[in-house]
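Reading through the structure tokens given below for one structure.
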Amino acid sequence: QMAARNNGSVIIMSSIAGVRGNKNIGLYGLSKAASAQLVRNLAVEWGPSNVSINSISPGVIDTAFAKPISAQQELAAKRIALT
């Protein structure tokens, strides 16, 4: 519908985990890499129709999912430095 009306915006959440390998959250990283590639493909397909497609790829955010990292101060500092 956005492409048909020549106007729109899409934002998809990805992750820094989709850019770097990680032995602990491999499948999560694979899914986030796929979402980032989806954004690139949609940008090529829908961009000429004035539809903006963007991906946000944050690093570690202090959530329940990230507690194994954020609870360890040294590991959290290392992750933040790499982001």
| message | Only counting other Cβ atoms within 10 Å, I'd like E74, E45 sorted with the fewest neighbours first. | response | E74, E45
| query | Using the count of nearby Cβ atoms within 10 Å as a rough guide to exposure, how do L27, L75, L82 rank from fewest to most? | reply | L27, L82, L75
| remark: For V10, V60, V44, ascending order of other Cβ atoms within 10 Å (fewest first) is V44, V10, V60
| Label points 7 Å out from Cα along the Cβ direction at I61 and L82: separation in nm? | 2.0 nm
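Can you tell me the length gained on complete extension of the stretch V19 to L38, counting 0.36 nm per residue apart and subtracting the Cα distance?
The span from V19 to L38 would gain 5.5 nm if fully extended.
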| request: Enumerate the lysines that K32 could reach by cross-link, defined here as Cα to Cα under 18 Å, with residues fewer than 8 away along the same chain left out. | output: K23
| said: Just the number: Rg to Rh for the chain, Cα atoms, Kirkwood Rh, two decimals. | reply: 1.12
| request: Name the long-range amide H neighbours of V10: under 5 Å, sequence gap of 5 or more, or other chain; modelled H, no Pro or chain starts. | output: S52, I53, N54
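Bear in mind that the values in this text are calculations on the coordinates, not laboratory data. Here the structure is a predicted model, which is why all the values come from computation and not from measurement. Note that we place each Cβ from the backbone using ideal geometry, even for glycine, and neighbour counts take in every protein chain shown.
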